[in-house]
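Structure record follows, encoded as structure tokens.
The values are calculated or read from the model by the stated rules, or taken from the named source; none is laboratory data. If you're wondering where the values come from, they're calculated on a predicted model, not measured in any experiment. Because the Cβ atoms are built from the backbone with ideal geometry, glycine has one as well, and the counts that use them run over all protein chains shown. Just the protein is used for accessible areas: all its heavy atoms, side chains included, with ligands, DNA and RNA removed. Shrake-Rupley method; radii C 1.70, N 1.55, O 1.52, S 1.80 Å.
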Amino acid sequence: LRNMKLTIFRKHEASDEEQRFHTLFVEMYPKLVRYATALMADADEARDIVSDVFERAWQRHATLDEETDHAWLYAAVRNACLNRLKHLKVEQEHIEAVIEATRADMADNYRQHEALLRHAEEIARNLPEPTRSILRLCYWDKQTYRQVAEYLGISPDTVKKQISKALCILRETMKELI
């Protein structure tokens with residue numbers, strides 16, 4: 001049983017192909033990262049791409065030719081970088097399209113909102129007195145019901161009733177527009 005444990009835990013010895021791949025990796029990884037960084041202008045992205053290329057190389061290491069493996073790695077990194085750049089460009093185009101659509105939507109919403117505000121202001125200007133003055137003092141001049149009541153010499157309940165009347169007229173008239 002003891003000999004079995006030793007056999008199970010014995011260090012895995014690399015085959016000639018694995019050793020060759022390890023040597024290729026140690027030699028080429030830094031070079032390919034520099035190359036990919038020059039193409040991508042992003043070191044993290046470059047390392048990811050080179051790692052992916054080496055993963056693909058490992059999957060086909062038995063078929064990689066020793067005489068062309070460097071060229072294959074450079075070509076694979078270049079193609080992966082170009083594909084990533086194309087993907088980033090498409091993503092950027094989508095982002096720009098979303099931004100433009102949002103701007104257009106915001107502009108439309110802003111125009112609709114402004115039109116509604118203008119209409120509400122027109123309705124408020126056409127309210128009968130003292131409703132119009134009380135509404136202006138409370139909402140435009142930001143005075144409390146008590147302050148408006150003291151200013152006009154009326155009770156706060158009268159101010160409250162006039163505000164209620166104004167809001168009711170505004171709601172009913174604006175309901176048609178919304």
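Taking the 1.4 Å solvent-accessible surface of the chain as the whole, the part contributed by carbon and sulfur is 55%. Lys-Lys pairs in the chain that are eight or more residues apart or on separate chains and whose Cα atoms lie under 28 Å of each other come to 9. Under 11 Å from the Cβ of Ser155, count the other residues' Cβ atoms, weight Lys and Arg +1, Asp and Glu -1, and hand me the total. Around Ser155, the charge tally is +1.
In this structure Glu150 has an accessible area near 140 Å², from a 1.4 Å probe over the protein heavy atoms. Summarised as an ellipsoid, region 73-178 has semi-axes of 58, 15, 9 Å, derived from the eigenvalues of the Cα gyration tensor scaled by 5 and square-rooted, with the largest first. When you count the other C-beta atoms within 10 angstrom of each residue and take the mean per peptide, 151-160, 100-109 line up highest first as 151-160, 100-109.
At q = 0.13, 0.14, 0.29 Å⁻¹, what is the log10 ratio I(q)/I(0) for region 90-152, with the Debye formula run over Cα points and no solvent? The calculated log intensity ratios at q = 0.13, 0.14, 0.29 Å⁻¹ are -0.56, -0.59, -1.09. Here, P(r) means the percent of Cα pairs in each 10 Å bin from 0 to the largest distance; for the chain it is 8, 19, 13, 9, 8, 8, 10, 10, 9, 5, 0.
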